[in-house]
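Q: Got a structure for you, written out below as structure tokens; questions coming shortly.
None of the figures in this text is laboratory data; all of them are computed from the coordinates on show. None of these values were measured; they are calculated from a predicted model. Backbone-built Cβ (ideal geometry, glycine too); neighbour counts: all protein chains shown.
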Amino acid sequence: MNASRREALAAYGLVSPWLIGFLFLSLGPMVASAVLSFTDYDLLNFGATEAVGLENYREAFTGDPVFWQSLRVTAYYALLAVALDLVVGLALAMVLNTGFRGVRFLRTVYYLPAVVSGVAVALLWLWIFQPSTGLANEILGLFGLPPIRWVYSSTWVIPSFVLMSLWGVGRSAFIYLAILQQIPTNLYEAAAVDGTGALSRFRRITLPLVTPAIFLNLVLGVIGNFQIFTQGFVISQGGPGTSSLFYVLYLYRNAFSYFRVGYASALAWILFLLLLALTLVTFASSSRWVYYEAGRDR
């Protein structure tokens with residue numbers, strides 16, 4: 001056996017754990033769900049399967065008002081959460097990009113929530129949002145403001161989840177920070193010599209140069225927030241009523257509460273196609289507003 005063949009076998013051996021996991025834990029279930037989405041799969045009747053063609057998709061779009069409600073709730077949450085994450089993440093990154101004392105410690109603190117379990121975080125925020133004993137209403141009371149029912153109110157439940165999403169803002173802030181630290185300081189020095197103010201420097205220098213990070217955080221934010229599940233499952237169970245019935249939570253209920261696995265598979269593929277469309281639109285629009293310095297040199 002020659003050296004190149006041995007190297008090839010060694011390479012395949014090294015990637016085989018990932019490859020096996022991908023085939024059996026990702027690609028395999030995806031193919032299975034695609035097939036099941038065209039069937040009426042009865043989980044309680046030992047997996048009895050009946051082909052129904054596009055019936056599951058037709059029911060979702062024309063015969064299931066809860067499908068549209070869950071999509072509206074999720075889109076409303078994703079819009080607010082992504083917008084807030086983009087703005088607060090950039091502001092936090094600019095603060096962490098300064099050289100004040102203890103900044104390294106703060107960087108660690110703000111990134112830690114990204115590695116904490118989602119269930120533990122949800123339970124923590126459930127306590128914070130308790131109407132009678134929660135920390136949120138205690139803080140409002142210090143300013144003489146009336147208490148809010150937070151996740152127990154159909155009006156406030158989605159804003160509550162949006163505030164909760166700021167717990168993980170450190171992830172997007174560190175993506176911004178990586179870009180900010182690459183901006184040459186001589187650009188700011190030259191602008192300061194010309195008498196340019198801080199706001200103008202941000203608008204003309206910082207903002208254009210961080211648009212690649214904004215683009216990345218936008219794509220990741222849309223994909224991630226449309227798949228919100230843990231908070232709704234642990235904290236509100238979709239309530240009050242259906243005011244926090246997120247799309248993936250509704251999908252989960254169809255699969256494991258109503259045992260409509262075929263319909264749940266169709267909902268999963270609808271979400272996949274929706275996210276694919278939103279991602280493609282974002283990529284198509286990026287040439288108009290994302291500034292790549294390397295591309296300008298060609």
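Q: Counting Lys +1, Arg +1, Asp -1, Glu -1, what net charge surrounds Val52 among other residues with beta carbon under 14 Å of its beta carbon? Provide the component values of the computation, followed by the final result.
A: Working: positive: Arg58, Arg260; negative: Asp40, Asp42, Glu50, Glu55, Glu59.
Summing Lys/Arg as +1 and Asp/Glu as -1 gives -3.
Q: For Asp40, which sequence-distant residues (separation of 5 or more, or a different chain) have an amide H within less than 5 Å of its own amide H, given hydrogens modelled in the peptide plane?
A: Answer set, sorted by chain and number: Glu50, Ala51, Val52.
Q: Let me ask you something else. Based only on other Cβ atoms within 10 Å, what is the fewest-to-most ordering of Val169, Val151?
A: Val169, Val151
Q: Here is a follow-up. Over segment 62-296, what relative contact order in percent results from Cα pairs under 8 Å that are six or more residues apart?
A: Values: 230 pairs, mean separation 67.2, N = 235.
Once divided by the residue count of segment 62-296, the mean separation gives 29 percent.
Q: A further question follows. Using a Förster distance of 22 angstrom, determine the FRET efficiency expected from the C-beta separation of Val109 and Ile183, and round it to 0.05.
A: About 0.35, to the nearest 0.05.
Q: Here's another thing I want to ask about it. Neighbouring Cβ atoms within 10 Å as the yardstick, rank Tyr291, Tyr12, Tyr247, Tyr176 fewest first.
A: On the way: Tyr291 14, Tyr12 10, Tyr247 27, Tyr176 24.
Fewest-to-most Cβ neighbours within 10 Å comes out as Tyr12, Tyr291, Tyr176, Tyr247.
Q: On to the next question. Which value at 222 nm does the chain reach when only helices count, each DSSP H run of 4 or more adding -39,500 (n - 2.57), with the total divided by all residues and rounded to the nearest 500 deg cm²/dmol?
A: -19500 deg cm²/dmol
Q: Additional query: Mind checking the dipole of the chain: about its Cα centre, +1 per Lys or Arg Cβ, -1 per Asp or Glu Cβ, Debye to the nearest 20?
A: 780
Q: Which order do peptides 225-232, 102-109 fall in by mean Cβ count within 10 Å, highest first?
A: Ranking, from highest mean packing down: 225-232, 102-109.
Q: Turning to a different aspect of this structure: Along the charge dipole of the chain, pointing to its positive end and built from +1/-1 on Cβ of Lys, Arg, Asp and Glu, which listed residue (Pro212, Ile228, Thr196) has its Cα farthest out?
A: Of Pro212, Ile228, Thr196, it is Thr196.
Q: What is the distance, in nm, between label points placed 7 Å from the Cα along the Cα-to-Cβ direction at Trp167 and at Ala190?
A: Computed distance between label sites Trp167 and Ala190 equals 4.5 nm.
Q: Right, something else. Toward the positive end of the charge dipole of the chain, about the Cα centre and with charges on Cβ (Lys, Arg +1; Asp, Glu -1), which of Gly21, Leu135, Thr98 goes farthest?
A: Positive-most Cα among the choices belongs to Thr98.
Q: Sticking with this one: Counting other beta carbons within 10 Å of each residue's own, what order do Phe174, Phe202 fall into, fewest first? Working shown, then result.
A: Working: Phe174 18, Phe202 15.
Least crowded to most crowded, the residues run Phe202, Phe174.
Q: Taking the Cα centre of segment 1-151 as the origin, how large is its charge dipole in debye, to the nearest 20, when only Lys and Arg (+1) and Asp and Glu (-1) carry charge on their Cβ atoms? Mind showing how you got there, number by number?
A: Numbers: 8 positive and 9 negative charges, 194 e Å.
Here segment 1-151 has a charge dipole of around 940 debye.
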